[in-house]
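Colleague: The structure under discussion is supplied below as structure tokens; questions concerning it will follow.
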Amino acid sequence: MRIRYVVSTMVFWGREHPLSFEQECQFLKSMGFGIELWPTIKGQSDCRYQKRNWTRLISATTGMLVAMRSRNDSPTLEQWYEQIECAKLLGANIITDAQNMGIPDVPELNGCDFADQVVKMADECQVQLCIETGRLSMLKQVGKRFESVRYCLDVGFANLDREFSFEQYVDALAPKVSHLHLTDNYGHLDDHEPPGLQGGISRENWDHLLNTLDKYDNEIVGSFEMCPCMPDVMIRQAREFLFDELKWPDPPQKQSGYIEGGYNPI
């Protein structure tokens with residue numbers, strides 16, 4: 001197993017604006033992280049993945065590991081094709097969910113013609129689709145039907161599931177995990193707190209997650225998916241907990257241009 005790390009642009013919510021994207025990329029890159037893109041700036045509707053934005057995305061993320069959270073506005077096949085082409089250019093996986101793949105959340109998986117076409121387009125472009133965690137039985141059916149579709153295991157969601165324990169959830173998905181959303185909560189709401197929250201996910205569960213993933217020879221992208229306080233604080237807390245306390249492998253290394261507290265939005 002190898003884990004490479006990115007930070008979701010969720011960390012910048014409330015501070016983003018159309019001119020800040022390059023600075024956000026440089027800030028994360030200087031800390032040794034890649035980036036997980038959300039399709040829009042919070043509160044705006046303009047999609048980053050439209051073709052007219054591709055040149056800017058390529059330029060800003062040069063030298064970075066990139067992942068993409070899919071459009072979440074029930075994209076059409078044409079919009080899916082556009083974001084798959086964008087992902088191909090960026091070398092990015094796409095993280096999506098059943099709803100935006102057109103997969104009904106029903107006991108028996110059927111009516112997946114739309115998803116069939118989305119998966120076919122992704123396979124032809126050699127873009128990895130990772131379905132975001134949800135109801136476990138539905139996810140297992142999706143994984144069985146679509147061999148090329150992998151799982152995004154959202155650690156916070158696993159801590160909230162009322163039907164299965166954290167360990168059961170992790171054990172069921174681990175063989176096909178290619179993406180992690182690393183976040184924490186108190187077990188009531190998906191708060192997207194930094195990992196290591198006092199009173200959040202137990203140390204035993206974090207250890208079980210890493211030990212279980214380590215049984216499989218998967219290439220994994222681990223994404224810090226956190227809502228703001230300040231980006232410096234959230235990233236520092238998350239990396240100290242995972243890499244210093246839990247001893248997770250392959251921590252990102254700060255680059256020569258990194259300045260402590262150096263992220264100052266325009």
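The values are calculated or read from the model by the stated rules, or taken from the named source; none is laboratory data. If you're wondering where the values come from, they're calculated on a predicted model, not measured in any experiment. Note that each Cβ is placed from the backbone with ideal geometry, even for glycine, and that neighbours are counted across all protein chains shown.
Colleague: Would you confirm whether or not region 3-24 contains a residue that is closer than 21 Å to Q237 by Cβ, among the polar types (S, T, N, Q) and in a strand (DSSP E or B)?
Modeller: So far as region 3-24 goes, yes, one or more of its residues are closer than 21 Å to Q237 by Cβ, among the polar types (S, T, N, Q) and in a strand (DSSP E or B).
Colleague: Let me ask another. Given the conditions (1) among the small types (G, A, S); (2) more than 24 Å from F243 (Cβ to Cβ); (3) in a strand (DSSP E or B), report the number of the one that G43 does not fulfil.
Modeller: Only one criterion in (1) among the small types (G, A, S); (2) more than 24 Å from F243 (Cβ to Cβ); (3) in a strand (DSSP E or B) is unmet by G43, namely (3).
Colleague: A further question follows. In region 62-103, what count of residues is obtained for those that are assigned to a loop (DSSP other than H, G, I, E, B), crowded, with 23+ Cβ neighbours inside 10 Å and over 14 Å from the mean Cα position of the chain (by Cα)?
Modeller: Going through region 62-103 one residue at a time, the tally reaches 1.
Colleague: With the structure loaded, tell me whether V118 is touching a helix residue (DSSP H, G or I) at 6+ places or on another chain (Cβ under 7 Å) and either outside any helix (DSSP H, G or I) or over 16 Å from R150 (Cα atoms) (or both) or whether it fails that test.
Modeller: no
Colleague: Here is a follow-up. Looking at (1) buried (at least 17 other Cβ atoms within 10 Å of the Cβ); (2) farther than 19 Å from T40 by Cα; (3) of a type in the set (S, T, N, Q), which is the only condition N110 fails?
Modeller: Result: N110 fails condition (1) only.
Colleague: Out of everything in region 187-217 that is crowded, with 16+ Cβ neighbours inside 10 Å and in contact with a Pro (Cβ under 8 Å, 6 or more places away or on another chain), what residue ends up being nearest to G156 (Cα to Cα)?
Modeller: Here the answer is I201.
Colleague: Let me ask something else. Could you pull out the residue among H208, H188 that is without any contact (Cβ under 8 Å) to a residue 60 or more places away in the chain and assigned to a helix (DSSP H, G or I)?
Modeller: That would be H208, the only listed residue that is without any contact (Cβ under 8 Å) to a residue 60 or more places away in the chain and assigned to a helix (DSSP H, G or I).
Colleague: Can you spot a residue in region 37-60 that is farther than 22 Å from T96 by Cβ and among the hydroxyl-bearing types (S, T, Y)?
Modeller: Scanning region 37-60 turns up at least one residue that is farther than 22 Å from T96 by Cβ and among the hydroxyl-bearing types (S, T, Y).
Colleague: Looking at (1) surrounded by fewer than 22 Cβ atoms within 10 Å (Cβ to Cβ); (2) more than 26 Å from T133 (Cα to Cα); (3) modelled with pLDDT of 95 or more, which is the only condition C25 fails?
Modeller: (1)
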